[in-house]
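K.L.:
Structure incoming, see below.
What follows draws every value from the coordinates through simple rules; no lab data is involved. Being a predicted model, the structure only gives us computed values, none of them experimental. Quick reminder, even Gly has a Cβ in these numbers, built from the backbone with ideal geometry, and neighbours come from all protein chains shown.
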Amino acid sequence: MGLVPYVPPPTSAVPPFAPLRVHGGRHRLRRVVHRRRRAMAAGLAMTAAALAASAPRDPGRPQQQHALPLHERPRADVVSAPVRIADAATVRLLRPGDRVDVIAAGDEKARVVASGARVARVPEVRDDGAGGDGGALVVLSVGRATAAELAGASATSRLAVTLC
């Protein structure tokens, strides 16, 4: 038996095609830098959270839990001062958060005792049929010095409020 020579299959034509271009090569460095920035920011956030959670606590000082947001928390020098306003109908117009000026009207001319005081609370006005000359109570957030002035003025004068 003899050897049969190898005959390759017939060739077919390869269709022409445009050159292959790989995109994104220029932006690869930007992506790497962006990913590293993101990883660094995440790492810093995790470190800050861990430091805040593991901060040493002063055993003699109780932890404060605030239900109010930071901008609504009362400052240390602000106190709540209950004030009796002569006109109960005026107090019915007030709502918590309103700003008022408190005016003392006594034997001498009227004077402003508290300016721009924030209304903290308006207790319910009870109409007991006594003619309404007893006034009505309102709780104001004021500084300690202003609270002392309000207390002194309410002992000697009738107090009124004006909305700011």
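K.L.:
How much length, in nm to one decimal, is gained on full extension between ASP107 and ALA89, taken as 0.36 nm per residue of separation minus their Cα-Cα distance?
P.N.:
Numbers: separation 18, 0.36 × 18 = 6.48 nm, distance 2.30 nm.
Once the chain is fully extended between ASP107 and ALA89, it gains 4.2 nm.
K.L.:
For region 76-163, what's the relative contact order in percent, using C-alpha pairs closer than 8 Å and at least 6 residues apart?
P.N.:
46 percent
K.L.:
Using a basic spin-label model with each label point 7 Å from the Cα along Cα→Cβ, how many nm lie between ALA155 and SER115?
P.N.:
The answer from the label model is 2.5 nm.
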